[in-house]
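Novice: Please read through the structure below; I'll follow up with questions.
The values are calculated or read from the model by the stated rules, or taken from the named source; none is laboratory data. Worth saying up front: this structure is predicted, and the values here are computed from it rather than measured. Counting neighbours? That spans all protein chains shown, and the Cβs are built from the backbone with ideal geometry, glycine included.
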Amino acid sequence: MGLTNYHRLFIKDYSRVAEALFRILRNNEFRWGEEEEQSFENHKKALTETPVLGIPSTNDPFILDTDASDVAIGAELIQLQAGAERFIGYGSYTLSKEQRNYCTTRKGLLAVVRFTRQFCPYLLGRHFKVRTDHNSLRWLTSFKEPQGQLARWLEELSQYDMEIIHRPRKQHGNADALSRIPHVEECSFYTASSLLTALP
């Protein structure tokens, strides 16, 4: 686990691949079944496959694709090189028990915060785009008087020159590999009055 965790930047959907094995480490009871065996085999395969990653340049624009599921968040850092999208690195993170109770909007913003931190050396000080299939994130940064966790996250993101772009889920397959069942939920992360002040 330590070896694969060290190479997680180069393994796509690492948190999804590793979830069953990390569950063993979190629990006191050791249980090895079909799911754990499959996760172990996927680990070995991920380490032996050659990642197709580009070499980042200082002149070409970056794109950060983010996604959130019920159990994990993921991201892919992409750079447009000679008109083609090249993968520069992957990011993934298994949500804690508390974070799994977040509404979809909150999880989506957590993904943006988490992975701008991870890829900060590439992104800070230059314009880049964030692509997400969660449309609400486009106007979250327009809140006039955010409070609590939202205020802290937006303050952190304010240091970046980023443009949030909505991309429909059917076009967002690369970052949406952590599949979700579409559903409608109540989100206490923002209020109706907040929505009205944020909308243009």
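Novice: Picking from Ser96, Ser69, which residue would you name as being of a type in the set (Ser, Thr, Tyr), closer than 23 Å to Glu19 by Cα and free of Cβ contacts under 8 Å to residues at least 12 places away in the same chain?
Specialist: Result of the check over Ser96, Ser69: Ser96.
Novice: Any residue at all in region 126-142 that's over 19 Å from His166 (Cα atoms) and of a type in the set (Phe, Trp, Tyr)?
Specialist: Checking region 126-142: not a single residue is over 19 Å from His166 (Cα atoms) and of a type in the set (Phe, Trp, Tyr).
Novice: With respect to Leu95, determine if the residue is at pLDDT below 80 and surrounded by 17 or more Cβ atoms within 10 Å (Cβ to Cβ).
Specialist: no
Novice: Check Phe115, Phe119, Phe62 and return the single one that is modelled with pLDDT of 90 or more, among the aromatic types (Phe, Trp, Tyr) and in contact with a Ser or Thr (Cβ under 8 Å, 6 or more places away or on another chain).
Specialist: It is Phe115.
Novice: When you check Asn59 against the structure, is it within 20 Å of Asp133 (Cα to Cα) and without any contact (Cβ under 8 Å) to a residue 12 or more places away in the chain, yes or no?
Specialist: no
Novice: If I ask for residues that are in contact with an Asp or Glu (Cβ under 9 Å, 6 or more places away or on another chain) and basic (Lys, Arg), which ones from region 64-103 would you list?
Specialist: Scanning region 64-103 gives Arg86, Arg100.
Novice: To continue, here is another question. Could you list, in sequence order, the residues of region 70-89 that are crowded, with 19+ Cβ neighbours inside 10 Å and over 9 Å from the mean Cα position of the chain (by Cα)?
Specialist: Within region 70-89, Leu77, Ile78, Gln79, Ile88, Gly89 qualify.
Novice: Then there is this: Just a yes or no: is a residue in region 179-186 in a loop (DSSP other than H, G, I, E, B), over 16 Å from Phe115 (Cβ atoms), at pLDDT below 75 and aliphatic (A, V, I, L, M)?
Specialist: yes
Novice: Pick from Asp60, Asp70, Asp65: which is acidic (Asp, Glu) and either assigned to a helix (DSSP H, G or I) or under 20 Å from Glu156 (Cα atoms) (or both)?
Specialist: Exactly one residue qualifies, and that residue is Asp65.
Here's the yes/no breakdown for (1) small (Gly, Ala, Ser); (2) at pLDDT below 95; (3) part of a loop (DSSP other than H, G, I, E, B):
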| position | (1), (2), (3) |
| --- | --- |
| Tyr90 | no, yes, no |
| Arg106 | no, yes, no |
| Leu154 | no, yes, no |
| Gly173 | yes, yes, yes |
| Ser193 | yes, yes, no |
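Novice: Taking the stated definitions as given, is Ile24 modelled with pLDDT under 75, surrounded by 17 or more Cβ atoms within 10 Å (Cβ to Cβ) and not acidic (Asp, Glu)?
Specialist: So Ile24 does not fit the description; no.
Novice: Let me ask something additional. If I ask for residues that are assigned to a strand (DSSP E or B) and either among the hydrophobic types (A, V, I, L, M, F, W, C) or not assigned by TED's automatic domain parsing to the domain that holds Ala72 (or both), which ones from region 108-152 would you list?
Specialist: Hits for region 108-152 are Phe128, Val130.
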